[in-house]
Each structure stands twice: as structure tokens, then as C-alpha cells.
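Notes for the one structure printed next.
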Ligand code: GDP
């Protein structure tokens with residue numbers, strides 16, 4: 001009996017004890033992690049393509065597919081079955097529209113991906129912003145079906161708005177999925193493909209995308225051709241490029257500087273095993289266990305005793321990973337969502353005010369002017385805080401030229417520089433230093449009214 005309990009004890013000591021040296025610096029998964037957002041006009045095929053990718057990469061089993069197919073059939077919407085895998089709620093299914101930003105994981109031998117499925121409906125642009133703000137790569141989905149391509153480009157069409165917003169939010173790599181090539185009005189016609197691509201090329205140039213950062217490719221979300229494998233020569237003899245997944249795999253690795261300072265914005269927390277466990281994403285640098293960290297903006301010293309990634313204990317987590325961080329040296333009340341974990345040598349600024357460049361999207365009908373004194377809610381990384389426009393600094397015209405004099409007020413559809421004061425101290429960064437911690441949206445009465453980038457932080 002004695003021997004048994006002794007062996008039990010030694011087992012648990014090994015588990016809880018220090019990790020062996022060989023384990024140090026061994027990543028849980030070496031493949032790059034990339035967040036992909038699908039953008040484009042409603043009905044262009046975003047959900048269909050993302051659903052199809054999940055099937056083709058083995059993330060969704062046939063039974064689930066079958067289940068959703070049946071639901072779709074009952075509702076007389078057969079062709080929507082793949083979209084249903086991602087559109088989760090009953091309400092969304094009835095409407096046949098994607099409302100929230102859907103999330104799904106898939107991987108290739110080269111990389112791991114999270115798909116953020118952004119809705120294309122006009123009223124849901126804010127959710128698309130949330131998706132795009134977290135994305136590394138944008139896939140702009142375009143329908144080539146006669147009439148549909150044209151509609152996406154008309155006034156009020158979202159092809160332009162999404163491409164423009166994505167650019168504003170920092171997406172620099174764009175893959176254009178020229179979809180519905182199988183449609184009977186298109187039939188894999190090179191002429192139709194060239195026509196659509198030519199129009200897009202001209203337009204995306206005006207959005208500020210460099211030619212080298214855009215890849216165009218023909219595909220069909222419905223049949224799956226051109227998604228995983230290159231579309232066959234029989235179907236599309238004139239195309240000599242890559243498939244969608246091959247294109248994503250071939251994009252140059254996202255510049256993630258492992259020597260950059262650590263930043264882990266906290267989304268949520270809970271208590272377990274004598275630790276406060278915080279949930280977050282490593283947005284910059286490398287997180288190591290058995291290190292002393294700072295919790296900003298309070299500046300409290302905390303001990304990172306353990307790290308969890310995908311339910312596994314790891315000693316190190318790289319940039320882009322979603323992590324559970326086990327903290328000692330703090331109570332639940334010391335930790336808040338919106339706090340940022342960083343190293344003592346490079347602490348995240350404690351902002352009380354900021355200067356920014358922002359684009360005013362769509363002001364409220366009963367508050368159509370943005371002036372000094374306007375108060376609303378700032379959403380920046382995981383922070384949500386009340387703020388006030390202290391001062392309008394300048395207005396920017398379409399060519400990007402700043403006005404000499406500050407405007408007294410601006411309306412929807414304007415680019416403006418302004419100073420915001422915050423109701424409480426928050427951890428944040430300049431956009432040019434840490435893009436993920438320096439881009440924001442402004443919301444008022446539940447509606448997104450502006451998007452922007454922090455250019456200067458005023459510290460407490
Ligand atoms: P979303 O609003 O962009 O997410 O578009 P959905 O994925 O919901 O697709 C809208 C409609 O287009 C559905 O009826 C789909 O079946 C159809 N669709 C999507 N992709 C294709 C395609 O490649 N070919 C054809 N023929 N139809 C497609």
C-alpha cells in the first residue's frame with residue numbers, strides 16, 4: 001500500500017513540477033496560424049465557400065453535412081446546406097443570412113487557419129469590422145453570375161465597402177475568389193472571368209491595394225472546384241494558377257516578430273487550482289511559463305505559472321495563439337477583460353486619452369454631426385470604454401490630404417483626425433507599433449459609427 005501511494009505521489013510531482021529542459025521552446029504546433037476573413041456582397045458565396053473548405057479538409061463529417069442538408073431541404077432551401085454549417089442559430093437559418101461572425105478552424109499540412117465568416121448584409125457591416133479587425137488575410141468573394149456581379153458594384157453594394165473597410169482595418173493581402181464559375185450564365189467562361197477581374201483590378205487600386213498583394217482565382221464554392229485542388233483542365237482549360245487553399249498556403253508568412261515585446265489582451269477570466277486563469281490571444285511576442293509579467297493598466301506584478309493551448313499544457317506560446325494563462329499573485333478582482341499582459345521590460349502604455357485617424361461611417365439619424373463633446377463607446381482590442389471627442393484636429397480629403405484648419409463638425413463618410421478622452425485608464429498602443437492593439441471602432445447606441453487607428457497615446 002505504501003509503495004502504491006509513493007508512486008502516486010511521485011507521479012503527481014512530475015506532473016506539477018518544472019518542465020524538463022528539452023520541453024522548453026518546443027512549440028505545441030510549429031505551423032503558422034492565420035486568421036482569414038471572407039468578405040463581399042451578400043449571396044456572393046462566402047458561407048458556401050467556407051463550409052465547403054471545412055468539408056474538403058475533413059473538419060466537418062458527412063453526418064453533420066447530412067443533418068444540415070435535411071434542415072435546408074425542410075425549409076425549401078436545398079442549395080443553402082453548406083452555409084448552414086456555419087450559420088448556427090435557428091433565427092439565422094430561417095432568414096438564410098449570416099448574422100454573427102462565424103468561426104471555424106481547419107488546417108493544411110503547412111498552416112493552421114481560423115475562418116472568420118463575415119456577414120455581407122448591409123445592416124451587418126459592424127460584425128464584418130470585428131472579423132476583419134482580427135484577420136490577417138482577406139478573401140474577397142465575388143459572384144460572377146450575370147446580374148450579381150453588377151449588383152455588388154452598384155451604389156449600396158458591399159463589394160466596394162468591404163474591400164475599402166478591410167484595407168482601413170489593416171488587411172494588406174487580399175485573395176479575390178471569383179466565385180460561381182459553374183453557374184449556367186458563366187460556365188467557366190474566360191471572357192466573363194476577365195471582365196470581372198478587370199473591373200476589380202481598377203477598383204481595388206483606388207482602395208490602395210498594391211498589385212502584388214492581390215491574387216485572383218476562379219472557383220466554385222458549390223461544386224468545390226478550385227478550392228482545395230486546382231480546377232481541372234477539362235473544366236477550365238485556360239487557368240494555370242493555384243487553388244484557393246494553395247494560394248493561402250503560398251502567401252508569405254505574416255510578419256510576426258518573435259523578438260517583439262509580449263502583448264496578451266485578456267478576453268475573460270476564471271478561478272481554478274489556486275490560480276486566476278485568463279483567456280486571451282498572444283498578439284505580439286512570445287509567452288513563456290514561469291515568468292513574471294505585468295498586468296496593465298494596473299501595473300500589478302503577476303506570475304505566469306502555466307499556459308494552456310488547445311487543452312494542452314505548454315511552456316511556450318507564440319504570437320497568434322489563443323491561450324489560457326494561469327496567474328499567481330493576483331485575485332480575481334485584480335484582473336479585468338481588456339487588461340494586457342506584458343513583460344516588465346516593455347510595458348504597455350496606460351492611456352487616458354489618444355489621438356487618432358478615423359473614418360466616420362454612419363452616424364445616428366438623431367445625432368448626424370460629430371463634434372467636440374460627442375460621447376460614445378470605444379472598442380479597442382478587448383477593451384470597451386466610454387469616451388468623448390475632446391477635439392477635432394483635421395479633416396482628410398479623398399486624396400489623403402489633411403485640412404489646415406480643424407473642422408467644427410463632420411458628417412458620415414468623412415475621414416477625420418481627432419483627440420478622444422477616456423472615462424477610465426486603459427492599456428493600448430499606437431497602431432504603428434502594435435496594429436492589433438491600436439485599431440478601434442466607435443459605437444453609439446449599439447451601432448458602429450466610426451473605425452480608426454491610434455496615432456498617439458496620452459498616458460496617465
Ligand atoms: P453569402 O451571403 O456570401 O454567405 O452567400 P452564400 O454562401 O449563402 O450563397 C448564396 C447563394 O449562392 C446560395 O444559394 C448558394 O447556394 C449560391 N452559391 C454559392 N456559391 C455558389 C457557386 O459557386 N455556384 C453556384 N451556382 N451557386 C453558388
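The residues of the range 31-46 that are out of contact with any helix residue (DSSP H, G or I) (no Cβ under 8 Å at 6 or more places or on another chain) and more than 7 Å from the ligand (Cβ to nearest atom), listed by number, are 31, 32, 33.
Filtered by the rule that a residue be under 24 Å from residue 106 (Cβ atoms), out of contact with any strand residue (DSSP E or B) (no Cβ under 7 Å at 6 or more places or on another chain) and without any contact (Cβ under 8 Å) to a residue 60 or more places away in the chain, the range 277-333 gives a lone residue, 311.
Confirm whether residue 111 is within 30 Å of residue 310 (Cα to Cα) and modelled with pLDDT of 85 or more. In short, yes. Residue 384 passes every criterion in (1) surrounded by fewer than 16 Cβ atoms within 10 Å (Cβ to Cβ); (2) at pLDDT 95 or above; (3) under 28 Å from residue 263 (Cβ atoms) apart from (2).
Filtered by the rule that a residue be within 17 Å of residue 173 (Cα to Cα) and within 16 Å of the ligand (Cβ to nearest atom), the range 224-243 gives a lone residue, 243. For the range 435-448, indicate whether the set of residues that are outside any strand (DSSP E or B) and exposed (fewer than 14 other Cβ atoms within 10 Å of the Cβ) is non-empty. Yes; the residues of the range 435-448 include at least one that is outside any strand (DSSP E or B) and exposed (fewer than 14 other Cβ atoms within 10 Å of the Cβ). Among the residues of the range 400-407, are any in a strand (DSSP E or B), buried (at least 21 other Cβ atoms within 10 Å of the Cβ) and touching a strand residue (DSSP E or B) at 6+ places or on another chain (Cβ under 7 Å)? No, the conditions are met nowhere in the range 400-407. When 424, 435, 455 are checked against the criterion of being at pLDDT below 90 and over 19 Å from residue 367 (Cα atoms), 435 stands alone in meeting it. Residues in the range 47-62 that are over 17 Å from residue 243 (Cβ atoms) and within 13 Å of the ligand (Cβ to nearest atom): 47 only. Has the range 141-149 got any residue that is within 15 Å of the ligand (Cβ to nearest atom), at pLDDT 95 or above, over 28 Å from residue 320 (Cβ atoms) and out of contact with any strand residue (DSSP E or B) (no Cβ under 9 Å at 6 or more places or on another chain)? No: the range 141-149 contains no residue that is within 15 Å of the ligand (Cβ to nearest atom), at pLDDT 95 or above, over 28 Å from residue 320 (Cβ atoms) and out of contact with any strand residue (DSSP E or B) (no Cβ under 9 Å at 6 or more places or on another chain). Set side by side, the residues 340, 416 differ, and just one is touching a strand residue (DSSP E or B) at 6+ places or on another chain (Cβ under 8 Å) and either at pLDDT 95 or above or surrounded by fewer than 13 Cβ atoms within 10 Å (Cβ to Cβ) (or both), which is 340. Cβ separations smaller than 6 Å between residues 6+ apart or across chains give the following pairs from the range 179-197 residues that are farther than 9 Å from residue 145 by Cα to residues that are part of a loop (DSSP other than H, G, I, E, B) and more than 14 Å from the ligand (Cβ to nearest atom): 190/238. Just to be sure, is residue 186 within 21 Å of residue 42 (Cβ to Cβ), modelled with pLDDT of 95 or more and either in a helix (DSSP H, G or I) or within 26 Å of the chain's Cα centre (by Cα) (or both)? Answer is no for this residue.
In the range 212-223, the residue that is nearest to residue 44 (Cα to Cα) out of those that are surrounded by fewer than 21 Cβ atoms within 10 Å (Cβ to Cβ) and within 15 Å of the ligand (Cβ to nearest atom) is 222.
Of all the criteria given as (1) in a helix (DSSP H, G or I); (2) surrounded by 15 or more Cβ atoms within 10 Å (Cβ to Cβ); (3) at pLDDT 95 or above, the one not satisfied by residue 191 is (2).
The values are calculated or read from the model by the stated rules, or taken from the named source; none is laboratory data. What you see is a predicted model; the values in this text were computed from it and never measured. Note that each Cβ is placed from the backbone with ideal geometry, even for glycine, and that neighbours are counted across all protein chains shown.
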